Amino acid sequence: MRADKDYDAFKDYHFIEIQTGKNYQDIKDIDHEKRDSVTVLKKYPELLIDPLTPRTVKMAALKYLIHVIGDIHQPLHVGNSFDMGGNLCRVQLLNLHSVWDSQLIDLDMTQLKSKTSPLKNYGFINYADDIIKKNSPTLEDIKEIQSANYFDWIKESQNLRSIVYPDELPADEESSRVYCQSFSPPAVDPLLTDDYKKKAIEVVELRLLKGGIRLAGLLYKIFEIGSNSGPEVSMDKKQILGKLNLTNF
């Protein structure tokens, strides 16, 4: 679906922009145009529970819901409104968003594989198992993590933005804005230090753990209530897109 240009209208659903010092509830309807991750988090469970939702629509909604819950636990998917979630902030060889989307995970997987796994083909299932073993969440921990609502998830990621931007970037927001939006980059982009990577990986592991536990809890509720897989209705892509194109309000 991500590779299908017909779904490009849903790009806005993968992130939220909240200015520093504000909460999601402070954003006026016209500012977020009623299209962001909350659309998916709020409306798609309703689609999945509804026994009248066609199966083809449920399959698409389920994929988006799983994807967006992961996105929202990545701090830069709750962006500051001026640097495209760190995509405009250059660090050596990459941009900051790519670092947090995948590079830190790749680095962590490589390190964990070398320390804990004799498996030649170490994959995401092994990585998830290792994160669970390292953190050993109790049933009480799981209940507490799952008790947070999606506005809490968003706020957590927003609060983590302050540690995501490396010290080498300008400290104040206005200077950082100029740097990240500059079309004349400096000769040497900021280097992510080993200390930065170590602390960042700790955050990444915790966000993956919480995101996974919350996704599991939500899916359990959805399929406990809405075990009906939906009627088999012949629908073309335009009709499916129309069913998915909901607003927050």
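Values in this text are rule-based calculations from the coordinates and carry no lab data. Keep in mind that what you see is a predicted model, and the values were worked out from it rather than measured. When we count neighbours, we look across all protein chains shown, and the Cβ atoms used for this are built from the backbone with ideal geometry, even at glycine.
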Amide H partners (placed H, <5 Å) of L94, local residues excluded: none
Proxy reagent accessibility, fewest Cβ within 10 Å first, across T138, T193: T138, T193
Under 5 Å, built H, 5+ apart or other chain: amide partners of G79: I16, E17, I18
Ordering of 214-223, 75-84, 106-115 by packing [mean C-beta count within 10 Å, highest first]: 75-84, 214-223, 106-115
Efficiency of FRET from Cβ geometry, S234 and L206, R₀ 51 Å, rounded to 0.05: 0.70
Mean Cβ neighbour count within 10 Å, used as a protection proxy, ranking 195-202, 42-49 highest first: 42-49, 195-202
Calculated from backbone phi, Karplus (6.51, -1.76, 1.60) coupling profile of segment 21-27 in Hz, x at Gly/Pro: x, 10, 10, 4, 5, 7, 6
Label point distance in nm, K199-K63, each placed 7 Å from Cα along Cα→Cβ: 3.9 nm
